[in-house]
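The structure under discussion appears below in the form of structure tokens.
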Amino acid sequence: MTHINSQQPTLEVKNLNVALRGGQRLLRQVSLAVKPGEVRALVGESGAGKSMIGKAVLGVLPRNIEITSGEILLQGENLDQHSAAQRRQTVAATASLIPQDPLTALNPSRRIGPQITERLVKRLGWRQDAAQARALELLERVYIRDPKRVMSSYPHELSGGMRQRVLIAAAFAPKPKLIVADEPTTALDVTVQKQILRLIRELQAESGTAVLFVTHDMGVVAKISQTVTVLFAGKVMESADTASIFANPQHPYTRALISATPRYTHPDEPMRPVPAELITALAQEVALSDVNGGSHG
Ligand SMILES: Nc1ncnc2c1ncn2[C@@H]1O[C@H](COP(=O)(O)OP(=O)(O)O)[C@@H](O)[C@H]1O
Ligand SMILES: [Mg+2]
């Protein structure tokens, strides 16, 4: 029997532990949830494990890395109970990725059109003409002026900003319930970054898609998200509403990240990087809790 529950999270990650096969721990007891219509930022410095969470959710972890314990649920379904093929099918039907680097994410030797329609046709069973129409609709929606021409262009014929628009169109085309956006504006220049953030927010708001938005930038967190999870060394430091994280950060690492963000309102204030002593102390704390086994699933 299925139960209709509007509060059921689209994505639920429960006590997730991920490690190099037979070795180093990369994610430690990570739990987070994203509800329909919610944008949750996942923030932390480089190497914290943000992309690893995204890869675990989408089922694309590198071969040398494994989930040692924990659960990932998409719309309440536990993916571990699926075969690899079922899992790929469920993920393809439910979730999309907006990647960090729009150039490497596109195949340079193929035209844009088929790169958008292929997943719709091959994975999701759309008719070719319906997929084609949907691709054109989305390209228009991301403010591409001549979508027909772009469909028959090659990636190198487009600017970085245009390529990221194409990837946003491709991510939203199958009407996913969840989008993982992994630093989608990091490779772009500042003015384009702003347009792309606005575009993701617009499409997210009108489709009600749940978004897990990976970033290292608290300025982006403030602009895009309603909720935020702060990650350090593969461990959640703090999770809260975005407004309360800024108004009343609980964890010293969160406070340090906020202080390390350029203040748009006070451009004269100097930016302070996250203090090295704090990072060392936190890393020791995490290592100690590993040894004590307190955080193993
Ligand atoms: N393919 C890999 N093999 C081994 N270690 C990896 C691999 N990919 C990432 N890592 C390690 O996992 C940790 C988390 O990486 P990642 O999720 O990419 O961080 P973030 O996205 O927060 O910058 C880092 O310590 C990184 O060096
Ligand atoms: Mg990353």
Rounded to the nearest 10 degrees, what's the angle between the helix 128-141 long axis and the longest principal axis of the chain, both from Cα atoms, 0 to 90? 60 degrees
Quick one: which residues, 5 or more positions from Phe232 or on another chain, have an amide H under 5 Å from its amide H? H modelled 1.01 Å from N in the peptide plane, none for Pro or chain starts. Met237
Projected onto the charge dipole of the chain (unit charges on the beta-carbon of Lys, Arg, Asp and Glu, signs +1, +1, -1, -1), the Cα from Leu188, Ile112, Val214 with the largest positive-side position is that of Ile112
Check: the chain dipole with +1 on Lys, Arg Cβ and -1 on Asp, Glu Cβ, in debye: 940 debye
Please say if the range 141-195 is rounded, prolate or oblate, where rounded means a/c under 1.5 for a ≥ b ≥ c the square roots of the C-alpha gyration tensor eigenvalues, and otherwise the choice is prolate for a/b larger than b/c and oblate otherwise? oblate
What's the longest piece of the chain with no exposed trypsin sites (Lys or Arg not before Pro), counting a site as exposed if DSSP puts it in a loop and it has at most 16 other beta carbons within 10 Å? 146-262
Kirkwood hydrodynamic radius of the chain from all distinct Cα pairs, in Å? 20.2 Å
Based on the alpha carbons, how large is the Rg to Rh ratio for the range 16-142 when Rh follows Kirkwood? 0.99
At a 1.4 Å probe radius, carbon and sulfur cover how many percent of the accessible area of the range 16-55? 49 percent
Once all protein chains are kept in place, Leu103 shows an accessible area at probe 1.4 Å, nearest 10 Å², of 90 Å²
In degrees, nearest 10, range 0 to 90: what is the angle between the Cα axis of helix 160-172 and the longest Cα principal axis of the chain? 90 degrees
Scan the chain and report its longest stretch carrying no chymotrypsin sites (Phe, Trp or Tyr not before Pro) that are both in a DSSP loop and have at most 16 other Cβ atoms within 10 Å. 1-142
What is the helix-to-structure angle for 190-207, meaning the angle in degrees between its Cα long axis and the longest Cα principal axis of the chain, kept from 0 to 90 and rounded to the nearest 10? 80 degrees
Excluding ligands, DNA and RNA, what is the solvent-accessible area per residue of the chain at a probe of 1.4 Å, expressed in Å²? 50 Å²
Quick one: accessible surface of Ser239, probe radius 1.4 Å, all protein chains present, in square angstrom to the nearest 10. 60 Å²
So, how do all the Cα-to-Cα distances of the range 139-297 break down into 10 Å bins, in percent, from 0 on up? 9, 31, 30, 19, 9, 2
Would you tell me the accessible area of Met162, worked out with a 1.4 angstrom probe on the heavy atoms of the protein chains, in Å² to the nearest 10? 50 Å²
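The values are calculated or read from the model by the stated rules, or taken from the named source; none is laboratory data. The shown structure was predicted, so the numbers you read here are calculated from the model rather than taken from an experiment. Cβ: placed from backbone, ideal geometry, glycine included. Neighbour counts: every protein chain shown. For accessibility, only protein heavy atoms count, side chains too; no ligands or nucleic acids. Shrake-Rupley method; radii C 1.70, N 1.55, O 1.52, S 1.80 Å.
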